[in-house]
Amino acid sequence: MSPTQQGLLVLVITLAVLLSGAPVAFGLGAVSIVFIVAFQGFDALHVVAETFYAGLNDFTLVSIPMFVMMGAAIGSSPAGKDLYEALDRWLYRLPGGLVISNLGACAIFAALTGSSPACCAAIGRMGIPEMRKRGYPDDIATGSICAGGTLGILIPPSITFILYGIATETSIGRLFLAGVLPGIMLTGLFILWTLFIIWKRGFRSHAADFRYSWKEKFHSIPKIAPFLAIIVGVMYVLYGGVATPSEAAGVGAALCVVMAVAIYRMWRPRDWWAILRDTTRESVMILMIIAAAVLFGYMLTSLYLTQTLAQSIAEMHVNRWVLMAMINVFLLVCGFFIPPAAVILMTAPILYPIIKAAGFDPVWFGVILTINMEIGLIHPPVGLNIYIVSSIAPDVPVTRIMWGTIPYVLCMMLQIVILCVFPEIATWLPDHMMGAMH
């Protein structure tokens, strides 16, 4: 059997296993072991345990449970609610001010958690019922939260960037910095679309003479100020060369837990148990996917599938932007069916040498890859954020939620095009703060 035929067989069986609903880590692990045995015999099994262990034997991975704990500590407290209320009091005069408050809260919350589902659930639980109570259309109320939640994997600290950095040996600090301006810009595109559609529909959530007093506005700041200080602090130690990503994550997690306890009086063992349980569950899931994806990558390499694919693409002799368009379509299709962590760990080692050979910046490509993963999070059939929002508002038909996300998907596609035309949006900040890559 030729490498091309083997590759097609692996692709079909892997997609079938993942679409069957099997846990991603176990699905990838099982497919890897079956193909290793089928093509190399039982003697090759001795490398399975070694490869699985090697996938987790990386100190940088320590940062993942720490960033997850930051999200769990904030998500288990009313911090999301306070953040959302504070922004609403300052932005209520704008058309669709409540939706914009939600998007702003998602952006800030993303900088605390690094997780899209956590961001979507925390802001959505408060924001969606409030928007619907004030008469906002269901598609805007749900679609904006789905889209805002995706910012969790673009605005640093991002678990997606950590995984990409590990898979391609790219500087995680650079990737974090590269996500800042595109993250702010994508939030701006979401807000612009929301302002336009609310204005076009002639909708107002408050009476024309409604006002929040200055006292009410400033009263909302003290509770959220410490969490904003944590974001600034983590960014400073990370980019100021004071600490590594793992150390910064540890300090950030500790501070978030202390703040949650001090500000929201979360003294009870039940509160602590919820934080530790959520952290352990999500961290173990991500780490198992990492180990299984490393084993999957070893299987692809040992069967010469990645080398064959890279060589066949290199021999196509197409324009590099045509190549980038093909890669984007490939990533979009993968994102429709497979969770972001699995897509990145499976495809990054294959795509990295291709984009390097084509002359693309790997840090810039990390941002493009992440935005593609964001689209997958709000696009069926997997569309994780759609189902999280559906559980928050079960009486809203899933199809209506999906239609509400479509304009935001188009915003993300526009962002990819803008980054392709102006790659400096992603590369300027890391080059300015850490020096140009050689």
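The values are calculated or read from the model by the stated rules, or taken from the named source; none is laboratory data. Given the structure is predicted, the values throughout are model-derived calculations rather than measurements. No Cβ is skipped: glycine too gets one built from the backbone with ideal geometry, and neighbour counts run over all protein chains shown.
Quick check, is Ala314 within 30 Å of Phe422 (Cβ to Cβ) and either at pLDDT below 75 or crowded, with 21+ Cβ neighbours inside 10 Å (or both)?
Numbers: within 30 Å of Phe422 (Cβ to Cβ): yes; either at pLDDT below 75 or crowded, with 21+ Cβ neighbours inside 10 Å (or both): yes.
So Ala314 passes the test.
Looking at segment 325-340, which of its residues are surrounded by fewer than 16 Cβ atoms within 10 Å (Cβ to Cβ) and of a type in the set (A, V, I, L, M)?
Ala325, Met326, Val329, Val333
Determine, yes or no, whether Ile140 is part of a loop (DSSP other than H, G, I, E, B), within 19 Å of Asn102 (Cα to Cα), at pLDDT 85 or above and of a type outside the set (S, T, N, Q). Outline the logic, then answer.
Details: part of a loop (DSSP other than H, G, I, E, B): no; within 19 Å of Asn102 (Cα to Cα): yes; at pLDDT 85 or above: yes; of a type outside the set (S, T, N, Q): yes.
No: the conditions fail for Ile140.
I need a count of the residues in segment 216-246 that are in a loop (DSSP other than H, G, I, E, B) and of a type in the set (D, E, K, R). So that I can check it myself, show each step before the final result.
Keep residues of segment 216-246 that are in a loop (DSSP other than H, G, I, E, B), which gives 220, 240-244.
Filter again for of a type in the set (D, E, K, R), leaving none.
Going through segment 216-246 one residue at a time, the tally reaches 0.
Can you tell me which residues in segment 45-66 are aliphatic (A, V, I, L, M), more than 22 Å from Ile263 (Cα to Cα) and either buried (at least 16 other Cβ atoms within 10 Å of the Cβ) or within 24 Å of the chain's Cα centre (by Cα) (or both)? Explain how you work it out, then say what you get.
Pass one, segment 45-66, residues aliphatic (A, V, I, L, M): 45, 47-49, 54, 56, 61-62, 64, 66.
Now restrict to residues that are more than 22 Å from Ile263 (Cα to Cα): 45, 47-49, 54, 56, 61-62, 64.
Of everything in segment 45-66, those that are aliphatic (A, V, I, L, M), more than 22 Å from Ile263 (Cα to Cα) and either buried (at least 16 other Cβ atoms within 10 Å of the Cβ) or within 24 Å of the chain's Cα centre (by Cα) (or both) turn out to be Val47, Val48, Leu56, Leu61, Val62, Ile64.
Which ones in segment 88-110 are of a type in the set (A, V, I, L, M, F, W, C) and under 20 Å from Pro137 (Cα atoms)? First the steps, then the outcome.
Just the residues of segment 88-110 that are of a type in the set (A, V, I, L, M, F, W, C), to begin with: 90-91, 94, 98-100, 103, 105-110.
Of everything in segment 88-110, those that are of a type in the set (A, V, I, L, M, F, W, C) and under 20 Å from Pro137 (Cα atoms) turn out to be Leu91, Leu94, Leu98, Val99, Ile100, Leu103, Ala105, Cys106.
Can you tell me which residue within segment 383-438, out of those that are at pLDDT 90 or above and among the hydroxyl-bearing types (Ser, Thr, Tyr), is nearest to Phe336 (Cα to Cα)?
Looking at the filtered set, the residue picked out is Thr405.
Can you name the number of the only condition in (1) farther than 30 Å from Pro156 by Cα; (2) exposed (fewer than 14 other Cβ atoms within 10 Å of the Cβ); (3) modelled with pLDDT of 85 or more that Phe26 fails?
(1)
Which of the residues spanning segment 150-194 are within 13 Å of the chain's Cα centre (by Cα) and outside any helix (DSSP H, G or I)?
If the condition is that a residue be within 13 Å of the chain's Cα centre (by Cα) and outside any helix (DSSP H, G or I), then Leu154, Ile155, Pro156, Pro157, Ser158 are the ones that fit.
Met70: in contact with a Cys (Cβ under 7 Å, 6 or more places away or on another chain), at pLDDT below 80 and not basic (Lys, Arg), yes or no? Walk me through it before giving the result.
Details: in contact with a Cys (Cβ under 7 Å, 6 or more places away or on another chain): yes; at pLDDT below 80: yes; not basic (Lys, Arg): yes.
In short, yes.
If the requirement is being under 22 Å from Gly188 (Cβ atoms), at pLDDT below 80 and either crowded, with 23+ Cβ neighbours inside 10 Å or of a type in the set (Gly, Ala, Ser) (or both), which of these qualifies: Thr150, Thr160, Thr113? Lay out the reasoning, then the answer.
On the way: Thr150 fails: at pLDDT below 80; Thr160 fails: at pLDDT below 80.
The conditions single out Thr113.
Go through segment 67-111 and count every residue that is within 24 Å of the chain's Cα centre (by Cα), more than 19 Å from Arg270 (Cβ to Cβ) and of a type in the set (A, V, I, L, M, F, W, C).
Final tally of qualifying residues: 16.
Hey, Gly21 hits all of (1) at positive phi; (2) crowded, with 22+ Cβ neighbours inside 10 Å but one; which does it fall short on?
All conditions pass for Gly21, except number (2).
Can you pull out the residues in segment 116-139 that are out of contact with any Phe, Trp or Tyr (no Cβ under 7 Å at 6 or more places or on another chain), more than 20 Å from Met185 (Cα to Cα) and of a type in the set (A, V, I, L, M, F, W, C)?
Ala118, Ala121, Ile128, Met131 - these are the residues of segment 116-139 that are out of contact with any Phe, Trp or Tyr (no Cβ under 7 Å at 6 or more places or on another chain), more than 20 Å from Met185 (Cα to Cα) and of a type in the set (A, V, I, L, M, F, W, C).
Taking the criterion of being buried (at least 22 other Cβ atoms within 10 Å of the Cβ) and either of a type in the set (S, T, N, Q) or closer than 18 Å to Gly335 by Cβ (or both), would at least one residue in segment 126-136 satisfy it?
Looking for residues that are buried (at least 22 other Cβ atoms within 10 Å of the Cβ) and either of a type in the set (S, T, N, Q) or closer than 18 Å to Gly335 by Cβ (or both), one finds none in segment 126-136, hence no.
Can you list residue pairs whose Cβ atoms sit under 8 Å apart, with the first residue in segment 256-279 being within 19 Å of Leu112 (Cβ to Cβ) and aromatic (Phe, Trp, Tyr) and the second being at pLDDT below 85 and not in a helix (DSSP H, G or I)? Count only pairs 6 or more apart in sequence or on different chains.
Tyr264/Ser77; Tyr264/Pro78; Trp272/Met266
Just one of the numbered conditions (1) out of contact with any Ser or Thr (no Cβ under 6 Å at 6 or more places or on another chain); (2) surrounded by fewer than 22 Cβ atoms within 10 Å (Cβ to Cβ); (3) closer than 30 Å to Ile184 by Cβ is not true of Val12; which one?
(3)
Quick check, is His379 surrounded by fewer than 18 Cβ atoms within 10 Å (Cβ to Cβ) and of a type outside the set (D, E, K, R)?
On the way: surrounded by fewer than 18 Cβ atoms within 10 Å (Cβ to Cβ): no; of a type outside the set (D, E, K, R): yes.
No; evaluated as a whole, the condition is false for this residue.
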